[in-house]
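To start, the structure under review is shown below, and the notes come after it.
The values are calculated or read from the model by the stated rules, or taken from the named source; none is laboratory data. Since this is a predicted model, take the numbers as computed values, not measurements. When we count neighbours, we look across all protein chains shown, and the Cβ atoms used for this are built from the backbone with ideal geometry, even at glycine. Heads up: the accessible areas ignore ligands, DNA and RNA and are worked out on the full protein's heavy atoms, side chains in. Shrake-Rupley method; radii C 1.70, N 1.55, O 1.52, S 1.80 Å.
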Amino acid sequence: MAMTSGIMWMGKLWPGVWHGEELAPVDLFSKLRGMGVETIDIFARAAEEHGADTLEAALKDSGLRCACYYIAADLVSEEPEKVQAADEAFPRGIAVAQQLGAPVVFTHGSQHAHAGEENLQRYIERLGEKLQLFKDIEQTLVIENAGSLLHAADPMVRVCEALGDEGLRLCPDTGNFTLWGQDEIDAVNKCLPWAVHFHIKDYAERWEDDGKVGGREAVLGRGLTPVEEIIGILKREGWSGVLAWEPGPQDEQGIEDSVAELLRLIG
């Protein structure tokens, strides 16, 4: 099995306006498939807005496949309302992922809002609880490097060493390593044994201000992130899975150019 091209349904692509024309999911998916993209990552907001049945039909009609479904949940907060929301989001998200045929489920919403060892321990404990929902099903739960809680490779590996036997895996984000000033090559190599899905992102610039980081995303292949070298590592290691490009503020031409670059790099 080779590397597979993918795209995240976000940034300029959300909710689905192309050169001023609002596109239904099937039309957007068909346009992406026409560019050569094979898979799409879908957030829960899309299922909430369009309905899972509509998305399932759009995937079938366009020939695009859902590679990953995203569940928004704060697994660190101990506020009763947020705990309940997370507990409700996972079974609902797993059901939609199964309907859409997504083999990977990605959880987000914890890393950006929290930091520190105590919160990391809470995150590991709650992830362990949620992993029980994935026993005996076909979906794999993944997390990414992001936010103040989990932006470096070492804690990512630490979480997997704690929960890998329960099935947890990683979705390294190339651009997020750049954003947080990490050595991208070192980070990818450390995460690779646990990686089953990748977010491919490229930053044109990054900055730090009073301990806070920020950046501007580039058209793929035109920024600071050594994307070509990273994908070269994946090829040499025989890694297989989806490389999902993450659109940001790029315009339509930037999207087409980024997709073309991703396809070139995958080869």
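Pairs linking a residue in region 33-60 that is more than 25 Å from ILE200 (Cβ to Cβ) to a residue that is of a type in the set (Ser, Thr, Tyr) and in a loop (DSSP other than H, G, I, E, B), with Cβ atoms under 9 Å and 6 or more positions apart or on different chains, do not occur. Out of LEU263, LEU243, one residue alone is over 19 Å from GLY11 (Cα atoms), out of contact with any Lys or Arg (no Cβ under 6 Å at 6 or more places or on another chain) and surrounded by 14 or more Cβ atoms within 10 Å (Cβ to Cβ). It is LEU263.
Filtered by the rule that a residue be in a strand (DSSP E or B), in contact (Cβ under 8 Å) with a residue 24 or more places away in the chain and open to solvent by less than 40 Å² (accessible area, probe 1.4 Å), region 195-213 gives ALA195, HIS197, PHE198, HIS199, ILE200, TYR203. Applying a threshold of 6 Å to beta carbon distances and a minimum spacing of six or more residues, or different chains, the list of pairs starting in region 124-151 at a residue that is open to solvent by less than 50 Å² (accessible area, probe 1.4 Å) and in a loop (DSSP other than H, G, I, E, B) and ending at one that is among the small types (Gly, Ala, Ser) and modelled with pLDDT of 95 or more reads GLN139/ALA97.
Within region 164-184, the set of residues being surrounded by fewer than 20 Cβ atoms within 10 Å (Cβ to Cβ) and either at positive phi or part of a helix (DSSP H, G or I) (or both) comprises GLY164, ASP165, GLU166, GLY167, GLY181. From the list THR39, THR54, the one residue that fits, being open to solvent by 20 Å² or more (accessible area, probe 1.4 Å) and among the β-branched types (Val, Ile, Thr), is THR54.
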